[in-house]
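The values are calculated or read from the model by the stated rules, or taken from the named source; none is laboratory data. The structure displayed is predicted, hence computed values, not measured ones. Methodologically, a virtual Cβ is constructed for each residue, glycine included, from the backbone with ideal geometry; neighbour enumeration extends over all protein chains shown. For accessibility, only protein heavy atoms count, side chains too; no ligands or nucleic acids. Shrake-Rupley method; radii C 1.70, N 1.55, O 1.52, S 1.80 Å.
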Amino acid sequence: MPNLTLYHASPSRSSIVLWMLEEVVQADAIKLQRTSAGDNRKRESVDPAAMGKVPTLRHGDAVITEAAAICTYLADEFPAKKLNVPVGTPKRGEYLKWLFFGPSVIEPAMTDRAFPRKEDPRAASLGWRDFDTVLDIVSKALTKGPHLMGEQFTAADIVIGSGLRYGMMFKLVPERKEFTDYVARIGARPAAQRAEAKDKELAAKAA
Ligand SMILES: N[C@@H](CCC(=O)N[C@@H](CS)C(=O)NCC(=O)O)C(=O)O
């Protein structure tokens, strides 16, 4: 069993990593962080760059934060699971694009929609577009399916799929058919089901 510890709160952005871990190692080395109790603030020394947030993954001596970065890391660390697109492969660029698109385009666009600003910033100064334009890009990518990269299910599906799932759950993302179908399809994976069950169990323990 690889030496992996996830600092986790159920459910939260670290649920993305819980799913990823189930895909690659069926990890049971999960250390629970109860953000509601403020435990996360007490462990800022694990990695100051984590800002006391979850997820944080410890792999041996390496400490990694940022959900999408952790998923990218795990996909590369466990290549036999074929959740990455290896360096030197033509579709690697598109794969990385989707991994970054989640946290750096979809999330801020969603936040803009959820918490409108008093003054509109200059569009060209933002690293993303308006929410509807961003969602149209994802819709278009999912038209062909069954995954973002076509036949191959990758870590990018875990990142983007989780974002859409939580977004729809919290009524921040509209329930477009292509989104609901995609989220149901990838959510039926055995690892996704195991992660969801584990997350519910951890949430109940933390309550
Ligand atoms: N940019 C980070 C954000 C992580 C994050 O905001 N985590 C939230 C949970 S969803 C958290 O730890 N909140 C607790 C707090 O800020 O005290 C990522 O994408 O992993």
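Annotations
- ALA75 being in contact with a helix residue (DSSP H, G or I) (Cβ under 7 Å, 6 or more places away or on another chain) and touching a residue at least 24 places away in the same chain (Cβ under 8 Å): yes
- Residue among LEU74, LEU99, LEU83 that alone is under 25 Å from TYR7 (Cα atoms), open to solvent by less than 60 Å² (accessible area, probe 1.4 Å), part of a loop (DSSP other than H, G, I, E, B) and not charged (D, E, K, R): LEU83
- Annotation: of all residues in the stretch 62-121 being among the basic types (Lys, Arg) and within 19 Å of GLU151 (Cα to Cα), the one that is nearest to the ligand (Cβ to nearest atom) is LYS97.
- Inter-residue pairs, beta-carbon under 7 Å, first free of Cβ contacts under 8 Å to residues at least 24 places away in the same chain and part of a strand (DSSP E or B) and in the stretch 50-71, second near the ligand (Cβ under 9 Å from one of its atoms) and among the polar types (S, T, N, Q), 6+ apart: VAL63/THR56; THR65/THR56
- For the stretch 1-40, filtering for residues that are in a helix (DSSP H, G or I), within 14 Å of the ligand (Cβ to nearest atom) and modelled with pLDDT of 65 or more leaves 9.
- If you filter the stretch 157-207 down to residues that are within 15 Å of ARG13 (Cβ to Cβ) and in contact with a Pro (Cβ under 7 Å, 6 or more places away or on another chain), you find that the one that is modelled with the lowest pLDDT is ALA203.
- Filter result (modelled with pLDDT of 65 or more and of a type in the set (D, E, K, R)) within the stretch 42-55: ASP47, LYS53
- So THR143, is it of a type in the set (S, T, N, Q) and more than 16 Å from LYS97 (Cβ to Cβ): yes
- Residues that are modelled with pLDDT under 95 and open to solvent by 70 Å² or more (accessible area, probe 1.4 Å) within the stretch 137-156 comprise THR143, LYS144, listed in sequence order.
- Looking only at the stretch 120-170, residues that are among the aliphatic types (A, V, I, L, M) and either assigned to a loop (DSSP other than H, G, I, E, B) or in contact (Cβ under 8 Å) with a residue 60 or more places away in the chain (or both) come to 8 in all.
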